[in-house]
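First up is the structure itself, then whatever we jot down about it.
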Amino acid sequence: MSKKIAVICGTGAATSTIIMNKLTKFLEEKQIKARTTQSNVNAIANSYEDYDLIVSTTHVPNSVTTKVINAVPILTGIGADKVYDEIEKELNS
Amino acid sequence: MEAITRYIATFKQMEVVTREEAIDGLSVVLNESGYVKETFLSAVLEREKVHPTGLPAAVGVAIPHTDTEHVLKPALAVGVLENPVPFQVMGNPEENVEVKIVFLLAMKEPQAQLDLLQKLMGLLQNEELLIQLSKSENLEQAKKIFSTIPIGE
């Protein structure tokens, strides 16, 4: 079964749009089947249990027990490869 | 010139001491030019506290923004700070980054403005263009730089 990823930022508008776009391309290239949903941090506080992985550009409260990967390096390009590796590892686990 | 530059509403060289002043100075222009509602400024400042937008790129930048409901027309206001001011780092609020360029983003429909966001990301990853932009003197020069940005990888 394909895993479910939430791509989030503070508003669910700006940076999550960029990350969503990049992540979709990455998953296609790697032929990883996963379902991605764009959301914001307030919504995820109540729905995190629906997801296997959260990819976020903002701080996520500790009450969220789903694995969170910080995606800010994808925005700056500095350390982006490490983030992609971590996402891939998490999806293959 | 490319369509992307239509979003760039203003370019300002600014002498400020705090991030609030920087955001305020750019927001005023967006408000007066009819891009954003009166509520935009306070919403951006509030959001910056909770979800900071400083980015430690090759040149420190920040991309303050807020919910689409405060926006009338999509726009980007660019401010180059004479003396960098600290912003908290996106995703890591315990850390600060000295910000030289502020990109105040007014997003209306993120999917429709994906081109703008991608260009912005391309810019963040391009040290040379960031330095050029930080040395720009007017809106025309800034627009020229934006039109040469490759899409971020």
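The values are calculated or read from the model by the stated rules, or taken from the named source; none is laboratory data. What you see is a predicted model, and the numbers here were worked out from it, not measured in a lab. All Cβ positions, glycine included, derive from the backbone under ideal geometry; neighbour counts span all protein chains shown. Keep in mind that these areas ignore ligands, DNA and RNA; they rest on the heavy atoms of the full protein, side chains included. Shrake-Rupley method; radii C 1.70, N 1.55, O 1.52, S 1.80 Å.
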At R0 = 51 Å the Cβ-Cβ FRET efficiency linking A:ALA34 and B:LYS135, nearest 0.05, sits at 0.75
Distance cut-off 22 Å, Cα to Cα: go down the list A:LYS25/B:LYS143; A:LYS3/A:LYS89; A:LYS30/B:LYS119; B:LYS73/B:LYS119; A:LYS22/B:LYS119; B:LYS12/B:LYS37 and report the pairs above it. A:LYS25/B:LYS143; A:LYS30/B:LYS119
Ordered by number, the trypsin sites (Lys or Arg not before Pro) in segment A:4-65 that occupy a DSSP loop and have at most 14 other Cβ atoms within 10 Å are A:LYS33
Quick one: work out the % antiparallel among DSSP beta bridges in the protein assembly as shown, nearest 5. 40
Which whole-angstrom value gives the distance between the alpha carbon centres of segment B:108-153 and segment A:13-59? 24
Note every residue of segment B:91-123 with a reduction of at least 20 square angstrom in accessible area, all protein chains present versus the isolated chain, computed with a 1.4 Å probe, or write none. B:GLY91, B:PRO93, B:PRO110, B:GLN111, B:LEU114, B:LEU117, B:GLN118, B:MET121
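Classify chain B from the C-alpha gyration tensor, please: rounded if a/c falls under 1.5, else prolate or oblate depending on whether a/b exceeds b/c.
Judged from the Cα gyration tensor, chain B comes out rounded (a/c under 1.5).
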Am I reading the B/A interface right? What is its buried accessible area, both sides, 1.4 Å probe, to the nearest 100 Å²? 1900
Percentage relative contact order, chain B, counting C-alpha pairs under 8 Å, at least six apart: 28
To the nearest 500 deg cm²/dmol, what mean residue ellipticity at 222 nm is calculated for chain B from DSSP H runs of n ≥ 4 alone, each contributing -39,500 (n - 2.57), summed and divided by the residues? -10500 deg cm²/dmol
Length added when fully stretched, B:SER33-B:GLN111, from 0.36 nm per residue minus Cα-Cα: 25.8 nm
Say each of A:LYS67 and B:GLU15 gets a label point 7 Å from the Cα, pointing the same way as Cα to Cβ; how far apart are those two points in nm? 5.2
Determine the per residue accessible area of the protein assembly as shown with all protein chains present and a 1.4 angstrom probe, expressed in square angstrom. 45
At 222 nm, what helix-only mean residue ellipticity would chain A give, in deg cm²/dmol to the nearest 500, using -39500 (n - 2.57) for each DSSP H run of four or more? -13000 deg cm²/dmol
Defining a contact as two alpha carbons under 8 Å apart and six or more residues distant in sequence, what relative contact order in percent does segment A:3-92 show? 32
Quickly rank B:117-125, B:32-40, B:4-12 as a protection proxy: mean count of other C-beta atoms within 10 Å, highest first. B:117-125, B:4-12, B:32-40
Please report, as a whole percent, how much of the solvent-accessible surface of chain A comes from carbon and sulfur atoms (probe radius 1.4 Å). 44
